[in-house]
Amino acid sequence: MADNSIYANPLITRYASREMAEAFSDDKRFKLWRKLWIALAESEMELGLNITQAQIDELKQYAETINFELAEKFEREVRHDVMAHVRAYGEQAKSARPIIHLGATSCFVDCNSELIVMHDALQIIKKKLVNVMDKLKAFALKYKDLPTLGFTHLQPAQLTTVGKRATLWLQDLKMDYDNLVNLENCFKLRGVKGTTGTQASFMELFNSDEDKIKELERRVVGKLGFEKVYGVTGQTYPRKFDYNALCVLSQIAQSAYKFSNDIRILQNMKEIEEPFEKSQIGSSAMAYKRNPMRSERMGSLARFVISLPMNTAITAGTQWFERTLDDSANRRIVIAQAFLALDGILNIYMNVSENLVVYDKVIAKHIAAELPFMATENIIMECVKAGGDRQDLHEKIRVLSMEAGKNVKVNGLDNNLIELIKGDDMFKPVHDKLDEILDAKKFIGRAPSQTVEFIANEIDPILNANSGDLGLKGDVKV
């Protein structure tokens, strides 16, 4: 049962998935520490240090059974989390106690484990990102031919299609995906570097045999499933990596924020609506309301994630010489919460993008209110073809447009420009062609084919490369 007398982090209780919460759990962190200690000891044994297979076997025996209470007791005594866990591990693997953490500094387990946690968390983000892209692809193709008002400056502009607009959301995510993959391709562990990054302790252990020290690092990293390490470090891995990672998260959050704002505006216009469940309540006072709470929550969490890279930038810039410890408490909070919040965003993004409701008749009504203005040039050109004077036609249609605009804005009535044109003999050559001229699909340009081409050329290759991860459903916890 939850302890309701103390603060509970809403990222855990309301927003993030269990999968992401487990990625940043103490259980995972400290099991990684033990995996790193085993890899170090085993590699040191293989390279000739006085370590026995029995000691390695005992370390492996307790790799998954962490005595948390004893470790917490030791930490209260020594005020050092790594040494507390070294002691706790040694209480279980007694024969291996003398060789645990041999030659290492705290950042051997801290930094390498933190990087592995972020690497694994990025895989969760990537999986959910491509699932959002997959759902938006389906939406874009379904509505690629449905005309809708395009907006610039939030004012009606030329027409586009509902599907083409969705490709703008997709293109943002495609850019985010590329940045995430680039971060993956540049990913490195800290490796086995010693206290200030010079590997001096290992020079002592291996009698200054530099080839063995390089091989030690290669083997340790390999046992963890990685290949690349930073060529040089201080005591920690470069904190600029944290900034780079959170910038990728921020960029995804920016894309989600843009999508959520677009949906909120469209829902206000009653054109497109996020899912609304049968028993869902929009307002405690106004029972009729269908508030876009999912999109609002996306925007709220996105604002938080977008703000976090600045924090890591400050941390990277204040690493005095080989390192300073004022990053530790900060990073425990900032990095985990950035991933947890973005995980929550993507859970909602999947849910919304898969269940969008499109009201095509409302969209058509809005087009009908604006299209006569947009069609004026086409009407003029048809009349000129029939022998009219372009300049006279332009002036006349300008006057009629002002009258129709007044009818809409001052009188609160419908746009009557077409009726005015039908009543004016100057435009008689097009009176029987107006329905054809006002066909909305003649005003959408290449929007349908652009949608198909963009998805085939830029989105499908990503989805095909990640086909094994597709099929997730978005979960809105509360």
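The values are calculated or read from the model by the stated rules, or taken from the named source; none is laboratory data. Quantities reported herein were computed from a predicted structural model and do not represent experimental measurements. Every residue, glycine among them, receives a Cβ derived from its backbone with ideal geometry; neighbour counts consider all protein chains shown.
The table that follows gives values for the structure above.
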{"read-out": "Helices (runs of 4 or more DSSP H) (entirely within the stretch 153-230) containing at least 1 residues that are in contact with a strand residue (DSSP E or B) (Cβ under 6 Å, 6 or more places away or on another chain), under 30 Å from Val117 (Cβ atoms) and hydrophobic (A, V, I, L, M, F, W, C)", "value": "210-223"}
{"read-out": "Matching residues, the stretch 221-277, being within 15 Å of Lys188 (Cα to Cα) and of a type in the set (Lys, Arg)", "value": "Lys223, Lys228, Arg239, Lys240"}
{"read-out": "Unmet requirement for Glu227, which otherwise passes all of (1) crowded, with 24+ Cβ neighbours inside 10 Å; (2) farther than 30 Å from Ala302 by Cα", "value": "(1)"}
{"read-out": "Residues of the stretch 407-451 that turn out to be part of a helix (DSSP H, G or I) and not small (Gly, Ala, Ser), as a count", "value": "25"}
{"read-out": "Residue satisfying all of: in the stretch 295-325; closer than 19 Å to Ala338 by Cα and of a type in the set (D, E, K, R); surrounded by the fewest Cβ atoms within 10 Å (Cβ to Cβ) among these", "value": "Arg303"}
{"read-out": "Considering residues of the stretch 430-446 that are touching a helix residue (DSSP H, G or I) at 6+ places or on another chain (Cβ under 9 Å) and over 16 Å from Ile367 (Cα atoms) only, the residue surrounded by the most Cβ atoms within 10 Å (Cβ to Cβ)", "value": "Val430"}
{"read-out": "Residue list for the stretch 230-262, restricted to those being surrounded by fewer than 18 Cβ atoms within 10 Å (Cβ to Cβ), closer than 22 Å to Ser106 by Cβ and charged (D, E, K, R)", "value": "Lys240"}
{"read-out": "Condition met for Gln123 (at negative phi, modelled with pLDDT under 95 and outside the structural domain of Lys35 (by TED's automatic domain parsing))", "value": "no"}
{"read-out": "Conditions (1) in contact with a helix residue (DSSP H, G or I) (Cβ under 8 Å, 6 or more places away or on another chain); (2) assigned to a loop (DSSP other than H, G, I, E, B); (3) modelled with pLDDT of 95 or more; (4) not hydrophobic (A, V, I, L, M, F, W, C): number failed by Asn244", "value": "(2)"}
{"read-out": "One residue from Asn351, Asn355, Asn378 being touching a Gly at 6+ places or on another chain (Cβ under 7 Å) and either among the small types (Gly, Ala, Ser) or touching a residue at least 40 places away in the same chain (Cβ under 8 Å) (or both)", "value": "Asn351"}
